[in-house]
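What follows is a single structure, written as structure tokens, with notes after it.
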Amino acid sequence: MCVPAALEMFRSLLLSPDSLSWIGMGFAAVAGGSPARRTVRPIKVSHVVDLTQVLTPEFPSWPGYPSLEILNTHNIAQHGFFANAWHVHEHSGTHVDAPLHFSGKGWSAAEIPEEALIAPAVIIDIRARARRDPDAQVRVDDIKAWERKHGRVPRGAAVLMWSGWEDRASDQAAYRNMDSKGVMHFPGFSREAAEFLVNERVAGGIGVDTLSLDYGPSTDFGAHFAVLPANRWGIENLANLRKLPPRGATLFVGLPRVKGASGGPARVLAVW
């Protein structure tokens, strides 16, 4: 079967009323916890949301990082098929920070276990505070407030900050939000919240809809250092978090297996 046809069949199965039958077919996702203690549970799929920004040469990048370059290498008229070559930084667009990125050790992108790339999604909504203060951070109090409404953060969860910042993604200057001194201003996780999620809740990773796991003015990158050296991953530049429930979705992270990579652009899907 050709790839487009296979994808269409896959999508129709996901969205069909008969998706419950996937349980009988053995389709499963990994429940929370450390890799050594994870268990397999069946899931029901009736919604699929793509949390991936479309990567283009114009998509905002971290200052000093090169933007995506696309070179056409083959065309239909001359070669009978179409293909491009890419020059892309590992940390471009919607992408994963592998533990190696800030620890210098731990998993590279190719070494992250497959079960660690499937996780229950937790959505922490800080939009109201981010509208008032671009330097807003996810705090431990935000996580505990979420738990009072939705229950304890599941072991192995992907805890995602929803700040609404993706609305700026079409404008690099607005997305970076750099002041006259060259300091960026956008929301992120506080070190304390990241440490709490790793140590007290055994989260599998964190994600943001901004350029960095840390808030823009950070100079010590506390959230990165709390998460990545603990062999957890991070995802930056997420999209469409408004379409997810606060709890109940499962995240699937499609990360290229490049040997020694500190991360890479990813296709991130949420299903529930």
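The values are calculated or read from the model by the stated rules, or taken from the named source; none is laboratory data. Everything quoted here is computed from the prediction, not taken from an experiment. When we count neighbours, we look across all protein chains shown, and the Cβ atoms used for this are built from the backbone with ideal geometry, even at glycine.
Test SER67 against the criterion of being touching an Asp or Glu at 6+ places or on another chain (Cβ under 9 Å) and under 25 Å from ASN240 (Cα atoms), and give yes or no.
Numbers: touching an Asp or Glu at 6+ places or on another chain (Cβ under 9 Å): yes; under 25 Å from ASN240 (Cα atoms): yes.
Judged against the criteria, SER67 is a match.
Listed residues THR210, THR250; which is in contact with a Pro (Cβ under 8 Å, 6 or more places away or on another chain), among the polar types (S, T, N, Q) and not in a loop (DSSP other than H, G, I, E, B)? Quick ask: steps written out before the conclusion?
On the way: THR210 fails: not in a loop (DSSP other than H, G, I, E, B).
Matching residue, one of THR210, THR250: THR250.
Among the residues of the stretch 56-105, what is the count of those that are modelled with pLDDT of 95 or more, in a loop (DSSP other than H, G, I, E, B), under 20 Å from SER262 (Cα atoms) and out of contact with any Gly (no Cβ under 7 Å at 6 or more places or on another chain)?
Counting residues in the stretch 56-105 that are modelled with pLDDT of 95 or more, in a loop (DSSP other than H, G, I, E, B), under 20 Å from SER262 (Cα atoms) and out of contact with any Gly (no Cβ under 7 Å at 6 or more places or on another chain) gives 14.
Please work out which residue is surrounded by the fewest Cβ atoms within 10 Å (Cβ to Cβ), limiting yourself to the stretch 114-144 and to residues that are under 21 Å from THR250 (Cα atoms) and small (Gly, Ala, Ser).
ALA116
Can you pull out the residues in the stretch 91-110 that are farther than 20 Å from GLU166 by Cα and either touching a residue at least 12 places away in the same chain (Cβ under 8 Å) or touching a Pro at 6+ places or on another chain (Cβ under 8 Å) (or both)?
Going through the stretch 91-110, the residues farther than 20 Å from GLU166 by Cα turn out to be 98-110.
Hits for the stretch 91-110 are ALA98, PRO99, LEU100, HIS101, PHE102, SER103, LYS105, GLY106, TRP107, SER108, ALA109, ALA110.
Using beta carbons and a limit of 9 Å, which pairs, at least six apart or on different chains, have the first residue in the stretch 66-86 and at negative phi and the second one part of a loop (DSSP other than H, G, I, E, B) and surrounded by fewer than 10 Cβ atoms within 10 Å (Cβ to Cβ)?
That search, which allows pairs on different chains as well, returns HIS74/GLY80; HIS74/PHE81; ASN75/PHE81.
crowded, with 21+ Cβ neighbours inside 10 Å, in contact with a His (Cβ under 8 Å, 6 or more places away or on another chain) and either within 16 Å of GLY234 (Cα to Cα) or not polar (S, T, N, Q) (or both): does that describe ASP214? Before you say what the answer is, go through the steps one by one.
Working: crowded, with 21+ Cβ neighbours inside 10 Å: yes; in contact with a His (Cβ under 8 Å, 6 or more places away or on another chain): yes; either within 16 Å of GLY234 (Cα to Cα) or not polar (S, T, N, Q) (or both): yes.
It is true that ASP214 is crowded, with 21+ Cβ neighbours inside 10 Å, in contact with a His (Cβ under 8 Å, 6 or more places away or on another chain) and either within 16 Å of GLY234 (Cα to Cα) or not polar (S, T, N, Q) (or both).
Tell me the residue from GLY182, GLY188 that is of a type outside the set (A, V, I, L, M) and over 23 Å from ALA116 (Cα atoms), please. Steps first, answer last, please.
Numbers: GLY188 fails: over 23 Å from ALA116 (Cα atoms).
The conditions single out GLY182.
For HIS224, which of the numbered conditions (1) within 17 Å of SER163 (Cα to Cα); (2) surrounded by 18 or more Cβ atoms within 10 Å (Cβ to Cβ); (3) not acidic (Asp, Glu) fails to hold?
So HIS224 meets the others, but not (1).
Would the stretch 143-165 turn up any residue that is free of Cβ contacts under 8 Å to residues at least 24 places away in the same chain, of a type in the set (A, V, I, L, M, F, W, C) and out of contact with any helix residue (DSSP H, G or I) (no Cβ under 7 Å at 6 or more places or on another chain)? Working first, answer last.
First, pick out the residues of the stretch 143-165 that are free of Cβ contacts under 8 Å to residues at least 24 places away in the same chain: 144-145, 147-148.
Next cut, of a type in the set (A, V, I, L, M, F, W, C) only: 145.
Cutting the leftovers down to out of contact with any helix residue (DSSP H, G or I) (no Cβ under 7 Å at 6 or more places or on another chain) gives us 145.
Yes - at least one qualifying residue is present in the stretch 143-165.
Sort through GLY248, GLY254 and tell me the only one that's surrounded by fewer than 23 Cβ atoms within 10 Å (Cβ to Cβ), over 13 Å from the mean Cα position of the chain (by Cα) and of a type outside the set (Lys, Arg).
Details: GLY254 fails: over 13 Å from the mean Cα position of the chain (by Cα).
Selected residue: GLY248, the only one of GLY248, GLY254 that is surrounded by fewer than 23 Cβ atoms within 10 Å (Cβ to Cβ), over 13 Å from the mean Cα position of the chain (by Cα) and of a type outside the set (Lys, Arg).
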